[in-house]
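Below: one structure, written as structure tokens.
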Amino acid sequence: MKAFIPYGKQDISNEDIQSVIDVLHSDYLTQGPKAISFAKEVAQYCGTKYAVAMNSATSALHVACLALQLGPGDIVWTSPNSFLASSNCALYCGATVDFVDIDPATYNISLEALKEKLEKATISNRLPKVLIPVHFAGQSCLMREIKSLCDKYNIKIIEDASHAIGGEYLNQKIGNCQFSDICVFSFHPVKIITAAEGGMVLTNNEDLYKKMMLFHSHGVTRDSQIMTESSHGAWYYQQIALGFNYRMTELQAALGLSQLNRIEQFIARRRILAQQYEEMLSDLALVLPFQHKDTASSFHLYPVLLKTIEKKKRLSLRKVVFDQLRAANIGVNVHYIPIHTQPYYQKLGFKCGDFPNAEFYYFGAISLPLHFGLTDSEQIYIVETLSKILKENL
Ligand SMILES: *Cc1c(COP(=O)(O)O)cnc(C)c1O
């Protein structure tokens, strides 16, 4: 039996460790130069003007919503096939959430569903103020088409690119905000690069950047240009908005900066592993992740889908396959339980059946281990075990 193989895992080098130790010996543990450099370097990497480092992508999404002035009475649409944070951020602001069903091929927001829902929402006067497309598994949504639809209806866009730093869309880095107002990254340990916990907002809009700077640190400014009266002295600061303490520590930023040095290596290895999965799994009764020609995924996840159509069979087979893989020490996971089926969201009025493509996908999905440190021999073991389990149960 192999040692447990997790579905995702950070890779920490001696340089990463040293950079965190160096911070501990420095003058700043928080609100120092590292968080500023980290934001600057990620912005540079993506080709974006502005970035703010934060303590999580969840905070980053919240601050992005606040900067776009979301509040009670406003509506946000996002993908049901995502982590809860993609929609909770709207609820934090008192806004209403709704979902756009996914495309059965990419598992990202469906353009057709979006188009149709926008037409209906125009008639019922329920258009959203903000759309949050999620780049599921690291594959970009079709942002050019999404942007042109949103422009038509005057809707702002926050990209939830928590999975997708290092991925590309139309040969440009995800995060450059060419087709959005704001883009958000996560640096949770299972993501592409890690800061232990951490997130970031990126934007090309100076006004949004200044707002996000304010909201991520108590709504407090030391910039006399935006104060309501002249400064009392060098100690003086003003609170001009209701903000939060969402700052990234210097330890996190040092780790993130050090990890950023290896991002191309991380992505390259993930892409090789994904390609090997595709080659080795092609004969099994599985739908493998489709890649749209306009995208180059960062491959945060490698979700495979059982081909069985009928819901009950699909659910029972998925459970058997999942449990047997786990029993073989293979740390498979499922991404995602559709957000609208969660009890909290059902209390808001959503029902099972509301977004059938996301639900159909969920019933048959299994995420196979995929991370930088996964070895070829571990991958072969995963494929052989999965193949055997499928043969025994189909
Ligand atoms: C991980 C994740 C988040 C939240 O990221 P944190 O940094 O853990 O707050 C949000 N959205 C998606 C799609 C994610 O995968």
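Please treat every number below as a calculation from the coordinates, not as lab data. Keep in mind the model is a prediction, meaning the values are calculated, not measured. Quick reminder, even Gly has a Cβ in these numbers, built from the backbone with ideal geometry, and neighbours come from all protein chains shown.
Things worth noting here:
- Overall shape: prolate for segment 1-155, with the ratio a/c of the largest to smallest alpha carbon gyration tensor axis at 1.5 or above and a/b above b/c.
- Prolate/oblate/rounded call for the chain, Cα gyration tensor, a/c under 1.5 rounded: oblate
- Inter-part distance where segment 296-313 and segment 200-225 are each reduced to a Cα centre, Å: 39 Å
- Its Cα centre serving as origin, segment 1-50 has a Cβ charge dipole (Lys and Arg +1, Asp and Glu -1) of approximately 260 debye.
- Applying both filters, DSSP loop and at most 14 other Cβ atoms within 10 Å, to the trypsin sites (Lys or Arg not before Pro) of segment 192-257 gives Arg222.
- Highest average packing first - 336-344, 11-19, Cβ atoms within 10 Å: 336-344, 11-19
- From least to most packed, judged by other beta carbons within 10 angstrom and beginning with the fewest, Cys177, Cys183, Cys352, Cys150 follow the order Cys352, Cys150, Cys177, Cys183.
- Sequence ranges 289-301, 107-119, 322-334, ranked by mean other-Cβ count within 10 angstrom, highest first: 289-301, 107-119, 322-334
- Peptide packing: for 63-69, 151-157, 4-10, the average count of neighbouring Cβ atoms within 10 Å per residue gives the ranking 63-69, 4-10, 151-157, highest mean first.
- The angle between the Cα long axis of helix 376-393 and the main principal axis of the chain comes to about 50°, on a 0 to 90 degree scale.
- Between segment 109-175 and segment 256-271, the Cα center-to-center distance that results, in Å: 26 Å
- Rounded to the nearest 20, the size of the Cβ-charge dipole of the chain about its Cα centre is 820 debye, with Lys and Arg at +1 and Asp and Glu at -1.
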